[in-house]
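Q: Following this message is one structure expressed as structure tokens.
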Amino acid sequence: MTQHGDHATVKPGRPSRPRPQPPGQELPQDRSHAILEATKHVGALLKGKGHDFALAGSVAVYAFGGSQNLQHDADFCVRPDDAAAVADTLREAGLDVYKPPEDWLLKARCFDQDIDIIFELAHRPVTTDMLARAQEVPVASVRMPVLAPTDLLWSLIAAFSEHHCDFGAVLPVARALRERVDWERVRRGCGDEPMPAAFLFLLERLNIIAPQQEVS
């Protein structure tokens, strides 16, 4: 997931030893299935320990009825101050947690899939209010909090810049979730940044969203 805080004490670098899988579990053959299984396992661990979190990324889109063609990893949002405790929970369950070069997330491995523990979205810290807006929905067979559709689309669109501007990846997400999103809130959250504004204009021209109302 393309977003961005280093508030947790974690092991630096990617571990070199083999990464254990959860006890009694084997890696599913299908990649999307493997990502779903990893998501369910990590979500259940975080729920079991009472952590505040919300699922984000392509699995969150899937949970709201989007594509089953999941992307590279499973993304979980937590507050910056909670990242260290979340990392401890995952390590206690036998998962490897490590600190990548990016300073806005931690990474873990489950079922040989990447798990991103994100505490900054589009250059802004994950907040208590954002997690409170999350909606508890089933992800396959496990219910867990999922980032609200408006926050999810904002996090993807607000991250656009001259160096990261993959409209093609976000366009089907906007199509799938358009009826669930408060687009005026997304506009306000993105401000006057040119790349988000260009994407929102594209959505208007494709009749995915209504044109912005002129203020008289």
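Q: Roughly what % of DSSP beta bridges within the chain run antiparallel, to the nearest 5?
A: 70
Q: How much area per residue is accessible in the chain when the probe is 1.4 Å and only protein heavy atoms are counted (Å²)?
A: That works out to 50 Å² for each residue.
Q: Given bins 5 angstrom wide, list per bin the percent of all Cα-Cα distances in the chain, short to long.
A: 1, 7, 15, 19, 20, 16, 11, 6, 3, 1, 0, 0, 0
Q: Straight-line reach from K49: which aspartates and glutamates have a Cα under 15 Å away, not including same-chain ones fewer than 8 places off?
A: Partners found: D82, D88, E92.
Q: Additional query: Using the Cα gyration tensor of the stretch 162-216, with a ≥ b ≥ c the square roots of its eigenvalues, what is the shape: rounded (a/c below 1.5), prolate (a/b larger than b/c) or oblate (neither)?
A: Working: a/c = 1.66, a/b = 1.13, b/c = 1.48.
The shape class here is oblate.
Q: Moving to a separate point now. Mind checking the stretch 71-116 for trypsin sites (Lys or Arg not before Pro) that DSSP puts in a loop (not H, G, I, E or B) and that have at most 14 other Cβ atoms within 10 Å?
A: Qualifying residues, ordered by number: none.
Q: Could you list the GluC sites (Glu not before Pro) in the stretch 107-216 that lie in coil according to DSSP, counting only those with at most 13 other Cβ atoms within 10 Å of their Cβ?
A: Within the stretch 107-216, the qualifying GluC sites (Glu not before Pro) (loop, at most 13 other Cβ atoms within 10 Å) are E162, E214.
The values are calculated or read from the model by the stated rules, or taken from the named source; none is laboratory data. What you are looking at is a predicted structure, and each value in this text was computed from that prediction instead of being measured. Cβ: placed from backbone, ideal geometry, glycine included. Neighbour counts: every protein chain shown. Quick note on the areas: whole protein, heavy atoms, side chains included, nothing else; ligands and nucleic acids left out. Shrake-Rupley method; radii C 1.70, N 1.55, O 1.52, S 1.80 Å.
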